[in-house]
Amino acid sequence: MDIQRKIQFEKRFKQHYPRLCCIALGYVADRDDAEDIVQEAFINVWHKGLDGLSDEEFVPYMTKAVKNNCITFLRRQQQTLSIDEHPAAAGVLDDDSHDEETLSPGEMLERALAILPPKCREVFLMAKMQGMKYREIAAALSLSEKTVENQMSKAIRLLRDFASAMPFAMVAVVTLVLSIILNCD
């Protein structure tokens, strides 16, 4: 076994594992399942010899592989369990707060963005929806780049807190929507 290959693989694993788990968690909503899916993706990359890909190729490949593995995992679960039999469904189905379950992803996004303070929301939308760079936002709003960075950190923290407070069924959807917007993938 080539030592350099192993070192490179371990480095990539440590660098990308948390982000890929975040993506997987957005799909499967169970930390253990998400970690298993990501680990399996890394194992497949190793066995196929794809760990030699450049960073520009490796990152998108792994992101897509994890997403596809999540979808496959969910399809297998759907075939083996009906929604009423799923252990997590009991908590959601017995919950009296069904109004959140009927929200569209757009309405959930609006609700999530509504929790942000006005300046924080403005900075977040300029960065994530308009694709502006921090220095461009700073110039447009007459702020320092550090203030823009702080506002983005605050927005991300508040949005993550919002997602974690949602009922189980909504956590997966909100997390997925936020991961897309936050370019977590």
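The values are calculated or read from the model by the stated rules, or taken from the named source; none is laboratory data. Note that the structure is predicted; figures quoted are calculated from it, not measured. Virtual Cβ from ideal backbone geometry, glycine too; neighbours counted across all protein chains shown.
Below are the figures for this structure:
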{"read-out": "Selection within region 1-47 - of a type in the set (Gly, Ala, Ser) and either over 16 Å from PRO60 (Cα atoms) or not in a helix (DSSP H, G or I) (or both)", "value": "GLY26, ALA29, ALA34"}
{"read-out": "Selection within region 108-120 - over 19 Å from the mean Cα position of the chain (by Cα) and assigned to a helix (DSSP H, G or I)", "value": "ALA114, PRO118, LYS119, CYS120"}
{"read-out": "Filter result (in a helix (DSSP H, G or I), within 18 Å of ILE156 (Cα to Cα) and charged (D, E, K, R)) within region 123-142", "value": "LYS128"}
{"read-out": "Close pairs (6 angstrom Cβ cut-off, 6 or more residues apart or separate chains): of a type in the set (Phe, Trp, Tyr) and buried (at least 16 other Cβ atoms within 10 Å of the Cβ) in region 151-172, in a loop (DSSP other than H, G, I, E, B) and at pLDDT 70 or above anywhere", "value": "PHE162/ILE115"}
{"read-out": "Matching residues, region 47-64, being touching a Phe, Trp or Tyr at 6+ places or on another chain (Cβ under 9 Å) and at pLDDT 85 or above", "value": "MET62"}
{"read-out": "Within region 1-34, considering residues that are of a type in the set (A, V, I, L, M, F, W, C) and over 16 Å from ASN68 (Cβ atoms), the one modelled with the lowest pLDDT", "value": "MET1"}
{"read-out": "Region 40-72, subset closer than 19 Å to ILE3 by Cα and β-branched (Val, Ile, Thr), residue surrounded by the most Cβ atoms within 10 Å (Cβ to Cβ)", "value": "VAL45"}
{"read-out": "Count of region 65-90 residues which are in a helix (DSSP H, G or I), within 23 Å of the chain's Cα centre (by Cα), at pLDDT below 80 and of a type in the set (Gly, Ala, Ser)", "value": "1"}
{"read-out": "Residue within region 102-118 that is at positive phi, modelled with pLDDT under 70 and either β-branched (Val, Ile, Thr) or surrounded by fewer than 16 Cβ atoms within 10 Å (Cβ to Cβ) (or both) present", "value": "no"}
